[in-house]
Structure formats: C-alpha cells, structure tokens
Amino acid sequence: MRNLKATALFAAGLIMLTSFGACNKKKETESKVEHSRTAVENINDVNVVTPEEEVGSIKHEAKLAEAVTVGDTVFTVNNIIDIDHITGDGRYIYIDYTIENKSDKDYPTDAINNFYINVDGVEDIFDIRSDVFAKRYINGYSSEFTIAANTQISNYVGFVIPKDAKEITVGYYVTGSDRDKKNIVLCKAKPDDFVSPPAGMIKSEE
C-alpha cells in the first residue's frame, strides 16, 4: 500500500502544481511537471525491485547528527531546518542530510524514492511544493542526483508539515546501487529540535 499511496499522493500534488502554473508561470510549471512525471515513473521503477511487504522491513534507528552505516552507505540527518515559511497548508521544513557511498558503484538517489516522513503517526512523501520553493530559494539544492562511488554528498529534502505537529520521523531508504528498499533509517525529532537556516542556505533576494 505504501508504494501505491506514494504514487497517488504525488499525482495529486502534480494536479495542484499544474493548476497553479496555469495562472502564473506556464513555462516554469511545465518544466516542474515534466520533472515530477519522471519522478513518479522512478517510483514505479524502484518499487518493482522490492516486494511491497518487504519495503522498509529492516529498520535502523538514528538520532540527529548520528551517522548510521548500512552496508556501503553511511547516512546522517545533520539537522532539521525550519525556514520560517508557513502557509495555509503548513510549515515548510528541510532535512539537512549527508550520504556517503563507500562502494565502487554509483548510487542513483532522489527525494521521491529515498525519503518519506511520518508526522504524528501519519506518513507522507516528499512534497512537490517544498521542491518548487527550494529550487527557487535554496542554494545548492537538488531533488535528484547520483552519488558517485567512494564519495559523499550533503543536500536537503523538504516537507510541508502541520503547524501544530508534535513529532516527526524522517525515513531514508538505503537503496544503494541495487535500488533495494528493504533497509530504512529512521530519525525522530520534535519541533524543539528544529534549527534556523544556516548562513548561505537561503539565496539572496534577486
């Protein structure tokens, strides 16, 4: 059900984004929608590898700033950043993370396939609204990339959570080079753990 839910939720996000773009920036929206369609296709592609009942079946607990090693992958949630952007839909937060690839193969990675969030017991996937915002305002942001062999990257993934959220759990599927989603790293946090954006994260006003 999680795979079907992710696809359905993201498709709904596409509809919202398309409607928004029709009234504002058609060309920009078409680009975002095309990227999003590719991401949905990637969900289906990755989920074929791991049977539904085995997705996230091997859990690895982590604390903020604690590196967790799973096979040839080292994953760390460095911080959870509250960028002080609140809309009627909720609060925008960004997970500052680092992934180290200690293998001799490249890791295809993207926000849709590798991340999700649980807010007060309710699961949700990466949010297209946070992606659009980040591409406009956050330096060095990318929602889809490859981690080359024997290298590491640090990046952000965004979510929109209820303004009154009490606890979140960030989930990262350790897919590695074989795109298997059995292993998941889980990191719990409360709003009191959120931090302000570090210097240089937010782009200067154009």
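The values are calculated or read from the model by the stated rules, or taken from the named source; none is laboratory data. The shown structure was predicted, so the numbers you read here are calculated from the model rather than taken from an experiment. Glycine also receives a Cβ, built like all others from the backbone with ideal geometry; neighbour counts cover every protein chain displayed. For accessibility, only protein heavy atoms count, side chains too; no ligands or nucleic acids. Shrake-Rupley method; radii C 1.70, N 1.55, O 1.52, S 1.80 Å.
Tabulated data
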| item | result |
| --- | --- |
| Candidate residues Thr87, Thr69: accessible-area rank, largest first, probe 1.4 Å | Thr69, Thr87 |
| Cβ-based net charge around Ser177, under 10 Å, with every Lys or Arg adding one and every Asp or Glu removing one | -3 |
| List Glu52, Glu61, ordered by accessible area with a 1.4 Å probe, largest first | Glu61, Glu52 |
| Whole-percent carbon and sulfur share, accessible surface of segment 87-206, 1.4 Å | 44 |
